[in-house]
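Before any comments, here is the structure.
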Amino acid sequence: MARRRRGGLSEDDLELWRKVAQSTTPLSPNIERPTIPPSLSGPEADPRAPKSQTPPAFRIGARANGTANAHDLSLPIERSLAAAPLRMDKNVFTRMKRGKLRPERKLDLHGMTLAQAHPALNGFIRSAHADGCRLVIVVTGKGKSGKDEGGPIPTPRGVLRHQVPQWLHAPPLRPLVLQVTDAHLRHGGSGAYYVYLTRGPGGGARPG
């Protein structure tokens, strides 16, 4: 018995179809001879061929890893400094915040780039600490407002104003610095920082 193909016709049926197709005379020269339908003459489907798969359902944000560069949403510098732990004597800190202590030295970073300000700050703090100073002041200015101020994403105001406290709390200055806070209005207000140093070879902050 002739084996039947997947299309439903046996080999004998296909052979008969071929003979009929070859013996047929077209009614018009423009009409082509009938051909065997591809579904009947083509090779059988390979059962090993991979089956089509439906792609998994997609959900927005399903693969987000949360590590992309994001906007800086850290606390404003004023709140960050206010939240810092108190490492110096409370009474001295209160007098300093009220402008009752006179800074022994002053560094003005106005007009400097970050590349210029960083080494200047390092040298100033190291020198003041080596000379026994306890309270110094670093002037950064308030900085200019960003063009997109007031938008949904907060932007820092004053690059130096935000960078200087980070430098003061990072090596190599961290062991030399005891406290950093905004200066009193009489010493520059929010455009300057009081930097209270750890005890060096000698000296101390003088009342103002």
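The values are calculated or read from the model by the stated rules, or taken from the named source; none is laboratory data. Since the model is a prediction, treat every value here as computed from it, not as a measurement. Glycine gets a Cβ as well: all are built from the backbone with ideal geometry, and neighbour counts include every protein chain shown. Remember, those area values only see protein heavy atoms, side chains included, never the ligands or the DNA or RNA. Shrake-Rupley method; radii C 1.70, N 1.55, O 1.52, S 1.80 Å.
Figures for the structure shown
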{"read-out": "Relative packing of peptides 130-139, 96-105, 115-124 - highest average C-beta neighbours within 10 Å first", "value": "130-139, 96-105, 115-124"}
{"read-out": "Placed amide H near Arg102: partners under 5 Å, 5+ positions off or other chain", "value": "Arg206, Gly208"}
{"read-out": "Long-range HN-HN contacts of Cys133 with modeled amide H, under 5 Å", "value": "none"}
{"read-out": "Fraction of accessible area attributable to carbon and sulfur, region 87-134 (%, probe 1.4 Å)", "value": "49 percent"}
